[in-house]
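Visitor: Pasting in a structure now, in structure tokens, and then I'll have a few things to ask.
The values are calculated or read from the model by the stated rules, or taken from the named source; none is laboratory data. None of the values given here were measured: they were computed from a predicted structure. Glycine also receives a Cβ, built like all others from the backbone with ideal geometry; neighbour counts cover every protein chain displayed.
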């Protein structure tokens, strides 16, 4: 039995780029839930502006469930707020879920250059730090593995996650690739 791999963490932690590299290493399908939402609903900022955060979170949960229900093994990069929904947390906690731990110093250049994140309106640096403080315990509670994404190359992070995933699978009767 092959188990999907979910990547969680705050905005700009590298979930998409690490997820793509990991999927390539494993030969798995890559799904970015934010990209899926954008493809179906337009920009996330637009969705927030038109329908509000609650509607966005409903779309996010539906997108996560759809990604997890595919037959093909996948690496799924989630949005930073996916852990806010109890149903999403249940799904993640029962799966191989990797928390990409990072800090403000690491993501500062990424978020300062990105104006498309609706939750960072106003003072993006302060908002990012506040959001991480609110969600940190949720990320940790859902994670099978916490990995330090502050240092190391994308390739190295993907390699480390792959190794942990294979060890996890071998002890739980998991993957056969």
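Visitor: Quick one: in the stretch 29-44, which of the residues that are assigned to a helix (DSSP H, G or I) and touching a strand residue (DSSP E or B) at 6+ places or on another chain (Cβ under 8 Å) is farthest from residue 107 (Cα to Cα)?
Guide: The qualifying residue farthest from residue 107 (Cα to Cα) is 33.
Visitor: State whether the residues of the stretch 162-177 include one that is at pLDDT below 95, within 23 Å of residue 36 (Cα to Cα) and either part of a helix (DSSP H, G or I) or touching a helix residue (DSSP H, G or I) at 6+ places or on another chain (Cβ under 8 Å) (or both).
Guide: no
Visitor: Suppose the filter is modelled with pLDDT of 95 or more and over 17 Å from residue 160 (Cα atoms); does residue 61 pass it?
Guide: So residue 61 passes the test.
Visitor: Given the criterion in contact with a strand residue (DSSP E or B) (Cβ under 6 Å, 6 or more places away or on another chain) and part of a helix (DSSP H, G or I), identify the matching residue among 91, 47, 64, 22.
Guide: It is 22.
Visitor: While we're looking at this one, here's another question. I'm checking my understanding of the structure. Among residues of the stretch 146-161 that are part of a helix (DSSP H, G or I) and in contact with a helix residue (DSSP H, G or I) (Cβ under 8 Å, 6 or more places away or on another chain), which one is surrounded by the most Cβ atoms within 10 Å (Cβ to Cβ)? So that I can check it myself, show each step before the final result.
Guide: We begin by selecting, within the stretch 146-161, every residue part of a helix (DSSP H, G or I); these are 154-161.
If we keep only those that are in contact with a helix residue (DSSP H, G or I) (Cβ under 8 Å, 6 or more places away or on another chain) as well, we get 154-155, 157-159, 161.
Working: 154: 15, 155: 13, 157: 22, 158: 22, 159: 15, 161: 24.
Applying the filter and picking the extreme gives 161.
Visitor: Go through (1) crowded, with 16+ Cβ neighbours inside 10 Å; (2) outside any strand (DSSP E or B); (3) in contact (Cβ under 8 Å) with a residue 24 or more places away in the chain and name the single condition residue 75 misses.
Guide: For residue 75, the failing item is (2).
Visitor: Answer yes or no as to whether residue 25 is surrounded by fewer than 17 Cβ atoms within 10 Å (Cβ to Cβ), at pLDDT 95 or above and in contact with a helix residue (DSSP H, G or I) (Cβ under 6 Å, 6 or more places away or on another chain). Write out each step before concluding.
Guide: On the way: surrounded by fewer than 17 Cβ atoms within 10 Å (Cβ to Cβ): yes; at pLDDT 95 or above: yes; in contact with a helix residue (DSSP H, G or I) (Cβ under 6 Å, 6 or more places away or on another chain): yes.
It is true that residue 25 is surrounded by fewer than 17 Cβ atoms within 10 Å (Cβ to Cβ), at pLDDT 95 or above and in contact with a helix residue (DSSP H, G or I) (Cβ under 6 Å, 6 or more places away or on another chain).
Visitor: May I pose another question? Please pick out the residue among 69, 95 that is surrounded by fewer than 18 Cβ atoms within 10 Å (Cβ to Cβ) and within 12 Å of residue 7 (Cα to Cα).
Guide: 95
Visitor: OK, next. Does the stretch 30-50 contain at least one residue that is under 21 Å from residue 168 (Cβ atoms) and surrounded by fewer than 23 Cβ atoms within 10 Å (Cβ to Cβ)?
Guide: Yes, because at least one residue in the stretch 30-50 is under 21 Å from residue 168 (Cβ atoms) and surrounded by fewer than 23 Cβ atoms within 10 Å (Cβ to Cβ).
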